[in-house]
Amino acid sequence: MFELARYEARRRLRGALYLSVGLSLLAGMYIGTFPSIATDIDLDEFIEQMPDIFKELFNLATMNTIEGFLAAELYSIGWTLLLGLYVAYSAASLIAEDVDRERMDILLSLPISRARLLGEKFLALGVPIVVVNVVVPVVVFAGTAAIGYPIDPVNLAIVHALSIPYLLACGGIGIVLSVLVDRATIAQRGSLVLLFGLFLFESLTVVAGYDWLGSIAPMRYFNPTDVLVESSYDLLGGVVLLVGAIALVAASAVYFRRRDIE
Amino acid sequence: MGVIEVSDLSKHYGDVRAVDGISFTVDAGEVFGFLGPNGAGKTTTIRTLLGFLEPTDGSGTVLDADCTDEPAMIEAKRSIGYLPANPAFEESATGREILDLHGSIKGESRRAELLELFDPPLDRRVREYSSGNKQKLGIIQSFMHDPELVVMDEPTSGLDPLMQQRFNEFVREERDRGTTVFFSSHVLSEVRRVCDRVAILRNGKLVTTEKIESLLDRSGKFVHARIRGRVGADAFDGSAVHDLERVVVDDEDGDGAGRDEDTENRDSVTVTEVRFTYTGDVNDLLTSLANHDLLDLDIEEAPLEEVFMRFYGAEDGSTAEERGDADV
């Protein structure tokens with residue numbers, strides 16, 4: 001059991017480390033600029049001038065504290081959007097790329113079920129998700145402490161923990177496309193378009209006063225600003241995301257089990 | 001119960017009947033050839049039997065497992081090796097990583113022994129592999145867990161002639177160990193060298209299933225004779241003579257002229273060349289040949305390509321080409 005997951009996880013380790021280094025550099029860059037911004041400019045005045053849609057998109061509350069600044073710059077963009085897109089894209093490749101490149105025949109000649117194949121491949125996506133969420137908070141905590149604005153470590157740990165079900169849900173969206181579409185590039189691009197569309201849609205519905213419509217978007221259930229600035233944790237949102245991710249993977253497995261491999 | 005049993009199996013894509021109601025049985029321990037031109041439905045049949053495609057109609061079992069029953073097929077696949085037509089592996093993985101994965105799931109009791117016969121560069125990434133090396137890696141993964149049945153789709157494509165020969169010897173040795181081998185090909189000489197029985201597929205329909213010897217018997221003899229004098233068009237006829245070609249050559253400088261003792265043709269040096277395929281009793285053939293004054297005579301076993309032609313007819317454009325690359 002889990003031989004395929006182990007194989008795929010090993011193959012994702014290097015990429016996960018590169019991703020962690022990249023996001024750590026991004027975090028370091030934001031942290032490094034904070035002291036000069038905090039003393040020279042009142043960013044909150046700036047925020048007040050912004051259209052509502054931007055405040056909603058980037059979860060802008062305050063930028064004059066390190067928590068609010070990182071929540072807006074690093075977590076809303078880096079985590080909710082960029083990392084979400086990365087995971088969705090990777091998940092969209094899981095099945096479609098093997099089918100597209102005609103590698104699926106040999107994999108399916110192995111004595112394992114299609115559901116297990118899909119599940120183990122998805123499980124291996126946990127490697128980049130977990131590695132990034134272990135490495136980056138350490139860098140963020142050390143960095144903020146070094147500049148004299150230490151961030152609350154509990155809130156920091158919780159925002160990263162809650163991002164895991166969020167990213168799994170993004171992966172769930174990707175893998176649904178991966179089993180529905182044979183052409184890998186279409187599944188991959190489709191997942192990017194879909195996730196970015198959901199990101200915009202979720203904020204638009206709030207601004208337009210139709211909040212309930214945005215509840216189909218995973219971004220609704222993960223709010224880094226609330227965690228970092230207000231210490232308010234949406235644990236139920238985390239559960240919703242996790243259940244959603246499991247449902248999407250299960251639905252993909254059911255469909256993949258029945259379809260022809262062309 | 002055969003190792004593979006196919007009964008009225010069909011796979012249609014809309015109006016296209018890729019496989020159309022075929023039935024055959026592969027017995028334990030035989031090398032079974034699945035012959036047909038490209039596009040005949042060989043790959044579709046194989047992929048349906050392995051459970052990658054859902055049959056439109058009919059059924060197939062492999063090692064007693066119904067090909068649509070996933071749990072039964074998973075059990076069967078422990079004892080099945082499969083080599084697809086163009087084996088593809090993850091490009092960024094090394095051959096070793098791929099064999100390790102396969103070994104960890106299905107076993108690798110014969111891996112070391114196979115690596116001595118077929119030796120792909122294991123520590124290089126598959127991206128750098130030639131098609132021959134990918135094929136070798138594919139052959140190793142299909143036999144490494146010591147399967148009872150090995151299914152191969154066009155196994156020698158991409159192998160150089162020396163490797164093809166090694167592969168053919170290997171397949172015969174596998175049969176001697178009791179492994180059942182089912183492989184598809186459009187190369188007739190290959191099938192003839194290693195198969196016990198053949199099924200011939202054309203446009204999704206099974207044309208025939210026979211022992212390779214009876215196919216060769218039915219294919220008959222190739223006769224090429226040079227006969228002194230003029231021979232009538234009706235000299236060789238009857239149901240056993242096929243594709244008769246007759247050419248009369250008036251050869252004035254012919255070397256046969258001086259010794260010509262044939263009373264009818266004393267002053268001429270006419271030679272008739274006849275070629276035909278003969279499928280009857282060889283004694284009758286010799287009797288009818290004895291009525292003529294022969295300058296030269298060749299009788300040889302008709303190449304399997306000829307049999308193929310007879311099943312497929314000449315209207316199939318790809319047939320002529322296959323005669324060419326089957327000629328080794």
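Read the figures in this text as sums done on the coordinates, not as results from a lab. Note that the structure is predicted; figures quoted are calculated from it, not measured. Cβ atoms come from the backbone with ideal geometry, glycine included; neighbour counts cover every protein chain shown.
Neighbouring Cβ atoms within 10 Å as the yardstick, rank A:Y7, B:Y13 fewest first. List each step's numbers first, then the result.
Details: A:Y7 22, B:Y13 12.
Ordered from fewest to most neighbouring Cβ atoms within 10 Å, A:Y7, B:Y13 come out as B:Y13, A:Y7.
Calculate for chain B the 222 nm mean residue ellipticity that helices alone would give, adding -39,500 (n - 2.57) per DSSP H run of length 4 or more and normalising by residue count, nearest 500 deg cm²/dmol.
Values: 11 runs with 106 residues, N = 328.
-9500 deg cm²/dmol, from helical runs alone.
What is the mean number of Cβ atoms from other protein chains located within 10 Å of the Cβ atom of each residue in peptide B:82-88, rounded to a whole number?
Details: counts 5, 3, 6, 2, 2, 4, 7.
Shielding by partners across B:82-88 averages 4.
Can you pull the Kirkwood radius for chain B, inverse mean 1/r over Cα pairs, to one decimal in Å? Please report the intermediate quantities before stating the final value.
On the way: mean 1/r = 0.0444 Å⁻¹.
In chain B this quantity evaluates to 22.5 Å.
Report, in listed order, any pair from B:K11/B:K42; B:K42/B:K211; B:K11/B:K134; B:K42/B:K205; B:K77/B:K205 with a Cα-Cα distance greater than 21 Å.
Details: B:K11/B:K42 11 Å; B:K42/B:K211 19 Å; B:K11/B:K134 29 Å; B:K42/B:K205 10 Å; B:K77/B:K205 27 Å.
Violating the 21 Å Cα-Cα cut-off are B:K11/B:K134; B:K77/B:K205.
Just from its helices, what would the mean residue ellipticity at 222 nm be for chain A, if runs of 4 or more DSSP H residues each count -39500 (n - 2.57) and the sum is divided by every residue, rounded to the nearest 500 deg cm²/dmol? Show your work: numbers first, answer last.
Details: 12 runs with 194 residues, N = 262.
Mean residue ellipticity, 222 nm, calculated: -24500 deg cm²/dmol.
Viscosity 0.890 mPa s, temperature 25 °C: what is the translational diffusion coefficient of the stretch A:79-136 from Stokes-Einstein with a Kirkwood Rh over Cα pairs, rounded to a whole number of µm²/s?
Values: Rh = 12.7 Å.
Value of D from the Cα-based Kirkwood radius: 193 µm²/s.
Separation of the stretch B:67-99 and the stretch B:1-54 by C-alpha centroid, Å?
The stretch B:67-99 and the stretch B:1-54 have Cα centres spaced 18 Å from each other.
Can you put B:V207, B:V187 in order, fewest other beta carbons within 10 Å first? Kindly include the intermediate steps, with their values, before the conclusion.
Values: B:V207 17, B:V187 20.
In order of increasing Cβ crowding within 10 Å: B:V207, B:V187.
Would you mind computing, in nm to one decimal, how far apart the modelled labels at B:A290 and A:L13 are, each placed 7 Å from Cα along Cα→Cβ?
8.2 nm
Find the relative contact order for chain B and round it to a whole percent, using C-alpha pairs within less than 8 Å whose residues are 6+ positions apart.
Details: 617 pairs, mean separation 62.1, N = 328.
Result for chain B is 19 percent.
Given q = 0.18, 0.23 Å⁻¹, what are the Debye log10 I(q)/I(0) values for the stretch A:1-55, with equal point scatterers placed on the Cα positions and solvent ignored?
With one equal scatterer per Cα and no solvent, log10 I(q)/I(0) is -0.77, -0.93.
Please check chain B for the longest run free of trypsin sites (Lys or Arg not before Pro) that are loop-located per DSSP (anything but H, G, I, E, B) and have at most 11 other Cβ atoms within 10 Å. Don't skip to the end; give the middle numbers.
Working: sites that count: B:R177, B:R259, B:R266.
The longest such stretch corresponds to B:1-176.
Report the semi-axes of the equivalent ellipsoid for the stretch A:184-262 in whole Å, largest first, where each axis is √(5λ) for an eigenvalue λ of the Cα gyration tensor. Walk me through the intermediate numbers first.
On the way: eigenvalues 167, 56, 25 Å².
Values for the stretch A:184-262, descending: 29, 17, 11 Å.
Under a point-charge model restricted to the Cβ atoms of Lys and Arg (+1) and Asp and Glu (-1), what is the dipole moment magnitude of the stretch A:186-260 relative to its Cα centre, in debye to the nearest 20?
On the way: 5 positive and 6 negative charges, 111 e Å.
Dipole size: approximately 540 debye.
Quick one: dipole size for the protein assembly as shown, taken about the Cα centre, charges +1 on Lys/Arg Cβ and -1 on Asp/Glu Cβ, in debye to the nearest 20.
Working: 53 positive and 93 negative charges, 511 e Å.
I would put it at about 2460 debye.
Lys and Arg at +1, Asp and Glu at -1: add these up for the other residues within a Cβ distance under 11 Å of A:A71 and post the number.
On the way: positive: none; negative: A:E67, A:E73, A:D226, A:E230.
Local charge sum for A:A71: -4.
Compute the semi-axes of the equivalent ellipsoid of the stretch B:30-158, taking the square root of 5 times each eigenvalue of the Cα gyration tensor, and list them largest first in whole Å. Don't skip to the answer; put the middle values down first.
On the way: eigenvalues 132, 61, 35 Å².
So the three semi-axes of the stretch B:30-158 are 26, 17, 13 Å.
Determine the shielding of peptide B:94-100 by partner chains: average, over its residues, the number of Cβ atoms on other chains within 10 angstrom of each Cβ. Can you show the working numbers first?
Working: counts 0, 0, 0, 3, 2, 0, 3.
Mean inter-chain Cβ contacts per residue within 10 Å come to 1.
Starting from the eigenvalues of the Cα gyration tensor, five times each then square-rooted, give me the equivalent ellipsoid semi-axes of the protein assembly as shown, largest first, whole Å.
Numbers: eigenvalues 1021, 101, 95 Å².
Ellipsoid half-lengths, sorted descending, are 71, 22, 22 Å.
With chain A treated as a Gaussian network of Cα nodes joined by springs under 10 Å, which of A:F46, A:F58, A:F201 yields the largest mean-square fluctuation?
It is A:F46.
If you place +1 on the Cβ of every Lys and Arg and -1 on the Cβ of every Asp and Glu, how big does the dipole about the Cα centre of the stretch A:82-132 come out, in debye to the nearest 20?
Details: 5 positive and 6 negative charges, 33 e Å.
Dipole magnitude for the stretch A:82-132 comes out near 160 debye.
Enter the mean projected area of the convex hull around the alpha-carbon atoms of the stretch B:96-137, in nm², rounded to one decimal.
Numbers: hull surface 11.5 nm².
Projected over every direction and averaged, the Cα hull of the stretch B:96-137 covers 2.9 nm².
Whole angstrom only: what separates the Cα centroid of the stretch B:162-208 from the Cα centroid of the stretch A:97-175?
Here the two parts' Cα centres lie 47 Å apart.
Based on the Cβ-Cβ distance of B:S109 and A:E230, what FRET efficiency does E = 1/(1 + (r/R0)^6) give at R0 = 60 Å, to the nearest 0.05? All intermediate terms of the calculation are to be shown ahead of the outcome.
Details: r = 61 Å, r/R0 = 1.02.
So, using R0 = 60 Å, E works out to roughly 0.45.
For chain B, which span is the longest to avoid every loop-located (per DSSP) member of GluC sites (Glu not before Pro) having at most 13 other Cβ atoms inside 10 Å? Mind dumping the intermediate values first?
Values: sites that count: B:E91, B:E252, B:E261, B:E264, B:E315.
With a cap of 13 other Cβ atoms within 10 Å, the longest stretch comes to B:92-251.
Cα gyration tensor of the stretch A:3-258, axes a ≥ b ≥ c as square roots of the eigenvalues: rounded (a/c below 1.5), prolate (a/b > b/c) or oblate? Walk me through the intermediate numbers first.
Working: a/c = 2.41, a/b = 1.69, b/c = 1.42.
In terms of gyration-tensor shape, prolate.
What does the structure give for B:65-73 when I average, per residue, the other chain Cβ atoms found within 10 Å of the residue Cβ? Spell out each step's value before the answer.
Values: counts 0, 0, 0, 0, 0, 5, 1, 0, 3.
That works out to 1 on average.
If each residue's Cβ is checked for other Cβ atoms within 10 Å, how do B:H292, B:H224 rank with the fewest at the top? If you can, show how the numbers build up before the last one.
Working: B:H292 18, B:H224 14.
So the residues, fewest neighbours to most, are B:H224, B:H292.
What is the Cα coordinate range of the stretch A:1-151 on the first, second and third principal axes, sorted by size from largest, in whole angstrom?
Computed over the stretch A:1-151, the largest-to-smallest principal extents equal 64, 34, 21 Å.
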